[in-house]
Structures are given as structure tokens and as C-alpha cells.
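A quick write-up on the structure given underneath.
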Amino acid sequence: MSTRKPSYTNPKPCKHLSAYKLKHGLSGYKSLQKCLKTTPNGRTSVQNPGTAVPRCSFCNGYQGRLYICLICSSISCSSHALLHTQSEIGHYLAVDIERAELYCCACSDQVYDPDFDKTVMSKHMVDLPYSTNSADSIGERLCERKRLGSGVELVDLKKAEKSALTRDQRAKSCYPLGLRGLNNLGNTCFMNSVLQALLHAPPLRNYFLSDRHNPKTCRKRTANRLCLPCELHGIFSAVYLGDRTPYSPAQFLYSWWQHSENLASYEQQDAHEFFISVLDGIHEKESKARNQTRDTGDCQCIAHRVFSGLLRSDVTCMTCGFTSTTYDPCLDISLNLDTSHCSWSDASNKPVKPNDNSSSSTLLGCLDLFTKPEKLGSDQKLYCQNCEELRDSSKQMSIRKLPLVLCLHIKRFEHSLVRKMMRKIDSYLHFPFSLDMTPYLSSSIVRNRFGNRIFAFEGDESDISTEFEIFAVVTHSGTLESGHYVTYLRIKNQWYKCDNAWINEVDEGIVRASQCYMMFYVHKMLYYKSHEDLSRLPISTRIEAFHRVAGCC
């Protein structure tokens, strides 16, 4: 028998949280519950009765993240939270005032505790406002997923349950199957936001729910190594079974850490890098089973069949006009924002209003910029096969092949060579819900380059659908140091906000006003067909397309 140690071990729980609960139990949670307040849109925060505007006890600041100590109720900003722990021995645990999430000041990280979650959930149910107006019943629609089976009686749960059922009967609201919150496991909003988009990508959903990757017969999972597709299959199964309580994707997180060991920590990560890493993990596992290499152009793994497209790059000699063409596969398209109209300080410090046209861009403008001819600098001269020497050149990108699901990544983080620092671009972006990609196809770009002359184009895309519908938007709010990811899902033309464990219905105006970071479009035909398929998903337990909540007709 091998004595080799496993290449990976699960992270230990926060020792400061364990020490706090051992000494204080749930007393701090119960005391804090009196200060919890839920807004009509379902957001729970901490309201300190001692002051209207909470301020840091060290610097008197009131902006950014503020944390209230569970022991002494002292308030500290993110810069001084550790200082409070050092000055007050044992005061490790605090609560994020704005988001009502548990935070360890000693670890400088979010921590997850089911008992604390039950505290917030039970208080949230009591605070949900009653309204007979369906437009005001957004918060009420969260009732079906609250943790009513809790063994910790922090409030009168029976009374709260009865009140929630009454409101549900009046609101007669129900959510589509597949809407389930994901618990924050400690700065994992980047993971939860991308997972929500993947869970509602129609081709990916159909693949995993039809057992195309069966964990029972998978040979890639061993005692020491988890299989990323197997864990993803587990999340799909859990989300589409109809259970409304928030799900904890801890096993998937551990599996992803095994694939990306350099990112194995509870620190905040970039959602786009996580998305690419997950697809690479799926490709790596499935391609090994098919004996495919990474560079195979026609890879049949589910990641490439859903998200892979083909980009065309034309480099033209500015002396003789000779054009060299290359093709590169892509899983997404990264687009630059047009920031020529705003300075460094404008783009990084000032909040942008949706109607501020001076500081806004359009998605179509970003795509135009992506496919616009670009003159290469004098230090980028390329060898011309026709002139047989280095020449000034121009480069133009276009899309040779569109994927089933089109992921557009907006570059909101950039590096300044002058200031030698990173910044976030907060410019507002206008984007359509329906997108026609015809103008950005290689056939259109090449024809426009030659004055729209009619000529045969190799591999004409005219028979390929170019109309897409948006179904998910991943947004980023805050700064580089303290940001938060949220996903908006579009199901049957209704938008839902997925903020970790919280799910609520929102107006499309809220989505349009958000700072979109990643946008997911699917072929128009697949978007509308997916709504019909929801009622006949290939899962073992037949569940209605719209899961009925208590009292819903």
C-alpha cells in the first residue's frame, strides 16, 4: 500500500471562529439580531442604534467596508479591523455592517458559519414587509428558500413561517426551477457569480442534467483527487432538484483548488480568471479520456463545444498590401472600454451615472473597436513575405466562428505605465439584450475592407445563426481592493439578482445600471427553446418548470 501523502488536503476551519463559539456560544449572534434590518428588496444590513452614520472608531471614517465587533460592538474600517483585534485580545469576530456577513479580523477574511446564517435568515423572514402590490413583493419571494428547519430558535420561527406562508398566498409568486442561492464560503462571490451563469447556460445545463458525465462511472476521481466535472455535475443536480435553501459549493471549491493550486486560498479572485480556469479544468479532464491534446482545433469536450469560437487575425503590409491570416481558438472575447474621453481620476474615482453619456460606452462600440484596423507601432514591424523584409503593418481582428454561448469580457482593470499601478474603470456600458453579431464576422469584415464587393468567401458563415440573447450578466462593484461580484440572470424575460445566498427579482433598469464585467449570450433559438425544455429536464425526479412555493397557485 502506498504511503504517499495526498497532494491536497481540505483547509481547516477558522480557529478564531471556533474559539469564539467555544467561549461565547451564540450570545453574540442573538444580541446582533436586534440590530439587523432588512430592506424591501431583500438586503439585510446592521443598523447601530447608537449612531445614524456608522464611523470607524480609529479614523472616524465612514466610507468603504465597516465591521462591528461581536463582543464590544466597536466599529472598525477595513484598514483598522486588524488593529482592533490587536488592541482587544480575543475580539476576532466582526460583522460587515453593509452586508451582514461574518468576518474574521485576525484572518482578514470572510468566514462562513451556518449558525450565523440561521440568525440572519430567521430575522430576515420576520422583517419582510407585507404588501398586496406585486411590484413590492420582491422581498417576499425569498420566503421559499429560508432555513425553516433550523434547530436554533433565535426568533419565533413558527410565527415567522406562518407569516411568510400568508404573504406567499397573497403574492402567489413562484421562481423558475434552477434558481438557488450559493453560500459565500469566504470571499467566494467571484466563484458564485460565475457558477450561476454556468448553471443557466442551456447547452451546459442539458449536458450535465442528462448524465453525459456520470460520476458513478467516472474513472478520473480517486481517493486523493477530485474530478472537476463530477463536482460540477453535483451542483447542477442539487440546484435543479427544487430545493430552495442556499447551497454550499465547498466540494467544488476544493476540486477547483486542486486544478489551480496557485489560487488555493480564501482570498478574492478575479471572476474572469476563474471562468477560464474552470473551462480549462473541464477540458483537461475530458480530453484525457478522449486522448486529445490541448491544441486540438475540433475538441469535443463540453467546455469547447459550448464556449469555443474562432478568431481571425489579418496582418496587412502597408507597403505592398500583402495580407497574412492566422486563426486562434477562443473561449471568450475580451473587449476594451473606450476611455479616451475620461482621465485617470475620472475613470477610477468618480461614480458614473447611467445617463452620463460623457463617461459611457456601448457594447456595439466595444465590438467595433475590437474589429477596427489597428496600425502597429514602429517597434512592431513584421516580416512581409512579399517584400521579404520588415515593414509597417496594420492588424484587424474578426470572428471566424461563433460559439453556442458567447462570453464577452469587459476589461475594467488596467495598468498605468506612468503611475505604475492598477486601476478600475467605472465607466458605464450600454448593452443590448438582443445582439446580432453579423457585422463582426470575418466575411463581413473582409467584404467591407474591399468596398463590399461580392466575391466568394472561404467558409461563408451565412448559414450560421448570428442572433444572440443575453441570459446572464456578472457585475463588479467597489474597488480593486474591496470589490463584490453579483450575477443577474434573465429567465423568460424576467431578471433575477443572484447575490451569493440571496435571490430576488429585479427590474431590467437595475441590470442596465450595473457595472457589467462579463456578459453571457446564447443563440436566440437556444434561449427560447431552453424555456420549453425546463419542464422536461432529463433528471431522475420530475419537477415542474416553475417550482411551486407554499401557497402558490
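The values are calculated or read from the model by the stated rules, or taken from the named source; none is laboratory data. Nothing here was measured: the structure is a model prediction, and the numbers come from that model. Ideal geometry is used to build each Cβ from the backbone, glycine not excepted, and the neighbour counts take in all protein chains shown. Just the protein is used for accessible areas: all its heavy atoms, side chains included, with ligands, DNA and RNA removed. Shrake-Rupley method; radii C 1.70, N 1.55, O 1.52, S 1.80 Å.
Annotation: of all residues in region 495-507 being without any contact (Cβ under 8 Å) to a residue 24 or more places away in the chain and open to solvent by 10 Å² or more (accessible area, probe 1.4 Å), the one that is nearest to Lys118 (Cα to Cα) is Lys497. Looking for something at pLDDT below 70, within 27 Å of the chain's Cα centre (by Cα), under 17 Å from Pro246 (Cβ atoms) and of a type outside the set (Asp, Glu) - is there at least one such residue anywhere in region 177-188? The answer is no; no qualifying residue exists.
Where residues in region 1-35 are surrounded by 14 or more Cβ atoms within 10 Å (Cβ to Cβ) and in a loop (DSSP other than H, G, I, E, B), which of them is modelled with the lowest pLDDT? Among those that are surrounded by 14 or more Cβ atoms within 10 Å (Cβ to Cβ) and in a loop (DSSP other than H, G, I, E, B), it is Tyr8. Here is the figure for region 283-328: residues that are open to solvent by less than 20 Å² (accessible area, probe 1.4 Å), at pLDDT below 90 and under 21 Å from Arg391 (Cβ atoms) total 1. Close contacts from region 299-328, counting a first residue that is free of Cβ contacts under 8 Å to residues at least 40 places away in the same chain and a second that is polar (S, T, N, Q) and assigned to a helix (DSSP H, G or I), with Cβ to Cβ under 6 Å and a gap of 6+ residues or different chains, come to Cys301/Ser287. If a residue has to be surrounded by 15 or more Cβ atoms within 10 Å (Cβ to Cβ) and in a helix (DSSP H, G or I) to count, how many in region 370-399 make the cut? Total meeting the criteria: 1. Can you tell me how many residues in region 480-501 are modelled with pLDDT under 95 and touching a Lys or Arg at 6+ places or on another chain (Cβ under 6 Å)? Matching residues across region 480-501 total 2.
Name every residue in region 467-494 that is open to solvent by 20 Å² or more (accessible area, probe 1.4 Å) and in contact with an Asp or Glu (Cβ under 6 Å, 6 or more places away or on another chain), in order of residue number. Within region 467-494, just Glu467 meets the criteria. Within region 36-55, restricting attention to residues that are within 30 Å of the chain's Cα centre (by Cα) and open to solvent by 20 Å² or more (accessible area, probe 1.4 Å), the residue that is modelled with the highest pLDDT is Pro54. When each of Leu390, Leu367, Leu382, Leu363 is tested for being modelled with pLDDT of 85 or more and either polar (S, T, N, Q) or over 25 Å from Val511 (Cα atoms) (or both), the lone residue that passes is Leu390. Scanning region 478-503 for residues that are polar (S, T, N, Q) and closer than 17 Å to Ala197 by Cβ turns up Thr487, Gln494, Asn500. In this structure, does Glu267 turn out to be among the charged types (D, E, K, R), closer than 28 Å to Gly178 by Cα and at pLDDT 80 or above? Considered against the rule, which asks whether it is among the charged types (D, E, K, R), closer than 28 Å to Gly178 by Cα and at pLDDT 80 or above, Glu267 comes out as no.
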